[in-house]
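Working notes, structure below.
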Amino acid sequence: MIVGQRKPIQEIIGMLKGIKNILILGCGGCATVCSAGGEKEVEILASIIRIDRKKKGGPVETKEKTLARQCDTEYLEELKDEVDKYDAVLSMACGVGVNFLADMYPKTIILPALNTSFMGVSEEQGVWSERCAGCGNCVLDKTGGLCPVARCSKHLLNGPCGGSQNGRCEINPDIACVWQLIYDRLKGLNQLEKLQEIFPMKDWSSSLHGGPRKIVREDLTL
Amino acid sequence: MNSASNLKKVLASGQFAVTAELGPPKNADAEVIRTKAKLLSDCADAVNITDCQTAIVRMSSIASSVVMMQEGLEPVTQMTCRDRNRIAIQSDLLGAAALGVKNLLCLTGDHQQFGNHPNSTGVFDMDSIQLLQMVRMMRDEKVFQCGEEIKGKAPDFFLGAAANPFADPFEFRALRLAKKVAAGAQFIQTQLVYNVEKFAAWMKAVRDLGLHEKCYILAGVTPPKSIGMARYMKNNVPGMDVPDHVIARLKGAKDSKKDVQKEGINICVDIINMVKEIEGVAGVHIMAIEWESAVPEIAKQAGLLPRP
């Protein structure tokens, strides 16, 4: 899923300066699953904003709503009859939702309440970590299913570097050295010979370096 | 112009080689390089010029190399993958070769988080092994990384790489060196050796793969300048292995700072003498960054002078 976390409250309050009527818009997809921008978080954020503004003598009207997702036209269209009523929409979706709202409602101020962090997993209650960098050119068949692009601090394709010690990454002992994990896993699978081949330089044009990406599936388009 | 690298000549002749290391200044003063180069000029066959080591902004390694050459000293120019993509690296290497650089050490580079601009982008378009491969292809096949032909003069570098025998997983370290050699490494400078026993075990694995016959291996050494520095390397530098007996030896020195430094030099000389006896070790790389003045003394005591 896409993992995000709410921006610091003072940053959000700063964005809302002068705004008197906001729609705080949750997302029922990833943002709900990672407890950053679902119905519950919308409710909490709305009340924090109201209390703050009341204290400062500039009350604000908040409307709370959570869509099934913010990355599909059909759900965003639910707003079409009401969006003009607000000074701004504060989206609690990932950056994808914020963008799509802005694309769809050109005359409305759309603001982000979250920092979109990464594509990752929920390791345990309250702990998320990155697994995929979305580079557009998957190498996991060669690395035992573990991604050096997302999980090696230097995206090494011929690791591990000289800073791998006791299974940890040199930049932070809280980070596992993915190349140690790859080594261990390939050893367990009797595939260590895969590590003896030189991994060629990667084509980054399928990642963000090739410009914004788009997929068109002729078989599905109407 | 463009006679072969002195370092290559010394190594090819079978003489035990000595390289040293020079960190460029954090300013635009060429005199800093000249002064350090003078200290090192009679005791090393070539001297590494670091490329913003530990991700701290310093004078460019290529520019510093040119200043060093003006002092009559041969540089081993370091090039990392942290700050440049394949376009910038190839462009800089054409320039370096045109300016007379003959030795190139290909490194991935320290992560930007360690340096003084931790908020910067880390480029890492390629890693050190891919960099070696790219530069070898530029030299031997006269092609840019994209496959386009280099029309005219191609850069001709004696190619080096680093190896850390003390990082994990230990059993993969010699195999990773084999990848570097296959990619194009002709000489190797290792991480600092304090644990000679482990280094010897790594060298055995290296010999078992026949790599000592395919590249020249220079053991990295440095004199510990203080007990604090030795402890810091032991506890805070990932991939460093400083056995307790090294620290105990420094502690055994008389109290004054000077005595500890003298013992640090003795330790370094002893390590050189030990690694010299290991089959397949072709030289030493004496890294005494910010203590360049120690290098002549170490080289002298280790019987490595005069240089050819």
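The values are calculated or read from the model by the stated rules, or taken from the named source; none is laboratory data. Just so we're clear, the structure is a prediction, and the values are computed from it rather than from any experiment. Every residue, glycine among them, receives a Cβ derived from its backbone with ideal geometry; neighbour counts consider all protein chains shown. Accessible surface areas use protein heavy atoms only, side chains included; no ligands, DNA or RNA. Shrake-Rupley method; radii C 1.70, N 1.55, O 1.52, S 1.80 Å.
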Other-chain or far-sequence residues with amide H under 5 Å of B:G280's (modelled H): none
List of region B:212-241 residues, accessible area with partners at least 20 Å² below that of the chain alone (1.4 Å probe): B:P238, B:G239
Gaussian network model of chain A, springs between alpha carbon atoms under 10 Å - residue of A:C138, A:C71, A:C27 with greatest fluctuation: A:C138
Residue-normalised accessible area of region A:134-209, given per residue in Å² at a 1.4 Å probe: 47
Accessible-area composition of chain B, carbon plus sulfur, in percent [1.4 Å probe]: 51
Cα centroid separation - region B:62-94 against region B:1-52, whole Å: 13
Degrees, to the nearest 10: B:227-236 long Cα axis against longest axis of chain B: 50
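When the Cα atoms of the protein assembly as shown are enclosed in a convex hull and the volume is divided per residue, what value in Å³ results?
On the way: hull volume 109.5 nm³, N = 530.
Given the Cα convex hull of the protein assembly as shown, per-residue volume reads 207 Å³.
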Those residues of region B:58-86 whose amide nitrogen sits under 20 Å from the label point placed on B:F114, 7 Å along Cα→Cβ: B:58-62, B:76-85
Rel. contact order, % - alpha carbon contacts under 8 angstrom, at least six apart, chain A: 17
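Can you give the relative contact order of region B:144-193 as a percent, counting alpha carbon pairs under 8 Å and 6+ residues apart? The partial results should precede the final answer.
Numbers: 36 pairs, mean separation 22.9, N = 50.
Once divided by the residue count of region B:144-193, the mean separation gives 46 percent.
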Estimated vicinal HN-Hα couplings, Hz - region B:212-223 in sequence order (Karplus 6.51, -1.76, 1.60; Gly, Pro = x): 5, 8, 9, 8, 9, 10, 10, 7, x, 9, 8, x
Sorted largest first, extent of chain B alpha carbons per principal axis (Å): 62, 46, 44
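Please report the carbon-and-sulfur percent of the accessible area for region A:134-209; probe 1.4 Å, protein heavy atoms only, DNA, RNA and ligands left out.
Values: 1860 of 3580 Å².
Result for region A:134-209: 52 percent of the exposed heavy-atom area is carbon or sulfur.
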Karplus 3J(HN,Hα) series, Hz, for region A:2-17 with 6.51 cos²θ - 1.76 cosθ + 1.60 (x for Gly, Pro): 8, 9, x, 9, 5, 5, x, 4, 5, 5, 5, 4, x, 5, 8, 3
In nm, spacing of pseudo-spin labels at A:D87 and B:K257 (7 Å Cα→C-beta vector): 6.2
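For the interface of chains B and A, what total accessible area is buried with a 1.4 Å probe, rounded to the nearest 100 Å²? Don't jump to the answer; show the numbers that get you there.
Working: alone 13800 and 13660 Å², together 24850 Å².
Summing both sides, the interface buries roughly 2600 Å².
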Which of B:F187, B:F144 is most accessible, then next, and so on - probe 1.4 Å: B:F144, B:F187
Rg followed by Dmax, in Å, when region B:169-288 is reduced to its Cα trace: 15.2, 49
Simple spin-label estimate for B:K204 and B:N273 in nanometres, 7 Å along Cα-Cβ: 2.4
Amide H within-cut-off set for A:S91, under 5 Å, with H built and near neighbours excluded: A:L25, A:L111, A:A113
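Tell me the per residue accessible area of chain B using a 1.4 Å probe; a whole number in Å² is fine. If you can, show how the numbers build up before the last one.
On the way: 12520 Å² over 308 residues.
In whole numbers, chain B has 41 Å² accessible per residue.
If each residue of separation counts as 0.36 nm, what is the full-extension length gain between B:M69 and B:D42 once their alpha-carbon separation is subtracted?
Working: separation 27, 0.36 × 27 = 9.72 nm, distance 1.38 nm.
Here the segment from B:M69 to B:D42 would lengthen by 8.3 nm.
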At least 40 Å² accessible surface lost relative to isolated chain, residues of region A:172-220 (1.4 Å probe): A:Y183, A:L195, A:Q196, A:I198, A:M201, A:W204
Potential lengthening between A:K20 and A:L189 on full extension [0.36 nm per residue; Cα-Cα distance subtracted]: 54.8 nm
Mean accessible surface per residue for region A:50-91, computed with a 1.4 Å probe while every protein chain stays in place, in Å²: 63
Span-rule helices in chain A, defined as complete DSSP H runs reaching 20 Å or more along the axis (Cα) with Kyte mean at least -1.0: A:39-55
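Using a 1.4 Å probe over the heavy atoms of the protein chains, calculate the carbon and sulfur portion of the accessible area of region A:2-118 as a whole percent. Could you put the intermediate results ahead of the total?
Details: 3140 of 6080 Å².
Of the solvent-accessible surface of region A:2-118, carbon and sulfur hold 52 percent.
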Angle between chain B longest axis and helix B:86-98 axis [Cα atoms, degrees, rounded to 10]: 80
Förster radius 45 Å - calculated FRET efficiency between A:S117 and B:E197 (Cβ-Cβ, nearest 0.05): 0.50
Geometric extent, Cα atoms of chain A - Rg, Dmax (angstrom): 21.6, 69
Residues of region B:116-130 buried by at least 20 Å² on assembly (accessible area, 1.4 Å probe, chain alone as reference): B:F124, B:D125, B:D127, B:I129, B:Q130
Listed residues B:S60, B:S226, B:S120, most fluctuating in chain B (Gaussian network, C-alpha, under 10 Å): B:S120
Three-way shape call for region B:8-100 based on the alpha-carbon gyration tensor, with the a/c threshold at 1.5: oblate
Long-range HN-HN contacts of A:T66 with modeled amide H, under 5 Å: A:G26
